[in-house]
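Q: Questions regarding the structure given below will be posed in turn.
Rule-based calculations on the coordinates, nothing more; no lab input. Model, not experiment: these values are computed from the prediction. All Cβ positions, glycine included, derive from the backbone under ideal geometry; neighbour counts span all protein chains shown.
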Number of protein chains: 2
Amino acid sequence: MNRVLFRDWQSVRDEVLRRIHARDWKPGELIPNEADLAIEFGCARTTMNRALRSVAETGLLDRRRKAGTRVAVQPVAKATLDIAVMRLEVEDRGQNYSYQLISRSLVVPPDEISQVMKSHTDEKLLHVHALHLADDKPYALEDRWLNLRVVPDARTQSFQTVSANEWLLRNTPYTHGEIEFSATAATPTTASLLACSDQSALFTIDRLTWDKQNDVTKVQLLFAPGHKLQPRL
Amino acid sequence: MNRVLFRDWQSVRDEVLRRIHARDWKPGELIPNEADLAIEFGCARTTMNRALRSVAETGLLDRRRKAGTRVAVQPVAKATLDIAVMRLEVEDRGQNYSYQLISRSLVVPPDEISQVMKSHTDEKLLHVHALHLADDKPYALEDRWLNLRVVPDARTQSFQTVSANEWLLRNTPYTHGEIEFSATAATPTTASLLACSDQSALFTIDRLTWDKQNDVTKVQLLFAPGHKLQPRL
DNA sequence: CAGTGGTCTAGACCACAGG
DNA sequence: CTGTGGTCTAGACCACTGG
């Protein structure tokens, strides 16, 4: 047997990937167990485990106790994407970031919002509307609702220079969140703010963030036409 | 000191998360090193490392050799999403999946495609156009280009019952891929196929997959209006 | 029941980068 | 130069689950 030694878990992982892509180990096939592979690869089982685990995390392997490790039949691609602060996102593109507050008001939200945010039907929420720009061209429109019961400090924030996006990230404790991607048609209002034509298809992100029992904030981001989001595979 | 013992890396991780969310450890702050924390938590350094690493992977901690571990100032949310085969995606929603081939032809692609797929300008590619349905309603439109030099077996596949989507996953070796999300306005043609109105905003996925030097396939998926994609945070 | 992956431990060496 | 995280190792116990 042509035995090569593998130094670290990354090189073990690479060899595992090679065998999968080369169809050495075919889809659906059971591969040897950790202990045996560790011997073959000349490393500790811990190292073998780390390598196999990392491959399994990408969806290419399916591991189950007692059943062993199989090459996935329908590899489910796991894409990861970084959702940073808008400012960093723009600056990472090498563009100049700027920000404009459109409106800031304390109002009783429409039913659809108060339901989602579980606020009392007559409770006022802070509504912030703002535009993010890249190289002075509209980049994304932010429409945000804030629960002042949970984030009382927001009451004294004007959000004129620091976006709610950025301020919240620095000042709010949160435990969980939900995020959703979709496509939305521009309305006459949003179109004029984003300097695009009415009915343009806009890439949309909806986020809902909460802390323990309480919803903190709900935000919708409408990106200017042409925006693309590229996850790492 | 009120010392609690932590059994496994998950509970260590949870306590670390608690301290971050509770602002025990504030954004930007340097936290103790692994060795010290391991003592405090009453576990091995290896275990502490595993816990801290898993938190760092979510973007909440920033770790650097010698510099130590800091709570991230601008937590970059890492969202992960599973991109499965269309059929499984629909079935997971508890809907009935079906599939219709619209067209299949061997043609010289327009320039924009041949450029992206690095095929020779006069080389024919397999063009497959199909509709995925959920509960007999249009779900997504698939527009795919296949390089027969790389996937010769596709020449004999009719793609009438098995979608190219699914067939490729089972039969193609690939090493890398790119994926992109965006929003596209429906054209008269796509609108009629998806049974929606012209200019509807469609959630769009573009994928390019290759094996070593050769591009295997390029696909665009246009989802019916209202489609949402929800990553795990 | 028994085989498999999941994890913990103590100790060690090393690569990297801050000071 | 030195502190920090990154990793490897051997050995051990355990949880889960397939047969």
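Q: Compute the signed sum of charges (Lys and Arg +1, Asp and Glu -1) over the other residues within less than 12 Å, Cβ to Cβ, of B:Leu81.
A: Counting the neighbours of B:Leu81, the net charge comes to +2.
Q: Counting other C-beta atoms within 10 Å, which of B:Arg64, A:Arg144 has the fewest, and how do the rest follow?
A: B:Arg64, A:Arg144
Q: Using θ = phi - 60° and the Karplus relation 6.51 cos²θ - 1.76 cosθ + 1.60, list the HN-Hα couplings for the stretch B:185-190 in order, rounded to whole Hz, with x at every Gly or Pro.
A: 7, 5, 8, x, 5, 5
Q: Taking Cα centroids, how far is the stretch B:15-60 from the stretch B:162-226 in Å?
A: A separation of 41 Å, based on Cα centres.
Q: Relative to the longest principal axis of chain A, what angle (0 to 90°, nearest 10) does the C-alpha long axis of helix A:45-57 take?
A: Helix A:45-57 and the main axis of chain A meet at about 50 degrees.
Q: Using only DSSP helix segments of four residues or longer, with each worth -39500 (n - 2.57), what per-residue ellipticity at 222 nm results for chain A after dividing by its residue count and rounding to 500?
A: -7500 deg cm²/dmol
Q: If R₀ is 51 angstrom, what is the calculated FRET efficiency for the pair A:Gln115 and B:Thr172, using the beta carbon separation as r and rounding to 0.05?
A: Efficiency for this residue pair is about 0.65.
Q: So how do A:Arg149, B:Arg104 line up by other beta-carbon neighbours within 10 Å, fewest first?
A: Listing A:Arg149, B:Arg104 from fewest to most nearby Cβ atoms yields A:Arg149, B:Arg104.
Q: If the viscosity is 0.890 mPa s and the temperature 25 °C, what translational diffusion coefficient in µm²/s does Stokes-Einstein give for the stretch A:79-162 when Rh comes from Kirkwood over Cα pairs?
A: Estimated diffusion coefficient is 171 µm²/s.
Q: Okay, next question. What is the mean number of Cβ atoms from other protein chains located within 10 Å of the Cβ atom of each residue in peptide A:197-210, rounded to a whole number?
A: 3
Q: State the answer as a single residue: which of A:Tyr139, A:Ser98, A:Thr47 lies farthest towards the positive end of the charge dipole of the stretch A:38-180, with beta carbon charges of +1 for Lys and Arg and -1 for Asp and Glu, about the Cα centre.
A: Farthest towards the positive end: A:Thr47.
Q: Then there is this: May I ask you to derive the relative contact order of the stretch A:9-71, considering only C-alpha pairs under 8 Å and at least 6 residues apart, and to give it as an integer percent?
A: 42 percent
Q: HN-Hα J couplings of the stretch A:102-118 from phi, Karplus 6.51/-1.76/1.60, θ = phi - 60°, integer Hz, Gly and Pro as x?
A: Working through the residues one at a time gives 9, 7, 8, 8, 9, 9, 6, x, x, 3, 4, 7, 5, 5, 4, 8, 6 Hz.
Q: Turning to a different aspect of this structure: Using the Kirkwood formula over every pair of different C-alpha atoms, what hydrodynamic radius in Å results for the stretch B:9-71?
A: Evaluated on the stretch B:9-71, it is 11.4 Å.
Q: Kirkwood hydrodynamic radius, computed over distinct alpha-carbon pairs, for the protein assembly as shown: how many Å, to one decimal?
A: 25.2 Å
Q: Given the convex hull over the Cα atoms of the stretch A:115-233, what projected area results after averaging over all orientations, in nm²?
A: The directionally averaged projection comes out at 8.8 nm².
Q: For a footprinting-style exposure proxy, rank B:Leu202, B:Leu37 by other Cβ within 10 Å, fewest first.
A: Listing B:Leu202, B:Leu37 from fewest to most nearby Cβ atoms yields B:Leu37, B:Leu202.
Q: Ok, one more. Please give me the summed charge of the neighbours of B:Ser11: other residues whose Cβ is under 12 Å from its Cβ, Lys and Arg +1, Asp and Glu -1.
A: Taking every Cβ under 12 Å from that of B:Ser11, the sum is +1.
Q: Counting pairs of alpha carbon atoms under 8 Å apart in space and at least six apart in sequence, what relative contact order in percent does chain B give?
A: 15 percent.
Q: Tell me, what HN-Hα J-couplings in whole Hz come from the Karplus equation 6.51 cos²θ - 1.76 cosθ + 1.60 at θ = phi - 60° for each residue of the stretch A:206-218, using x for Gly and Pro?
A: Each residue's phi maps through the Karplus curve to give 10, 10, 10, 10, 9, 10, 6, 8, 9, 6, 8, 7, 10 Hz.
Q: In 5 Å bins starting at zero, report the fraction of Cα pairs in chain B per bin as a rounded %.
A: 1, 6, 11, 13, 12, 10, 8, 7, 8, 9, 7, 5, 2, 1, 0, 0
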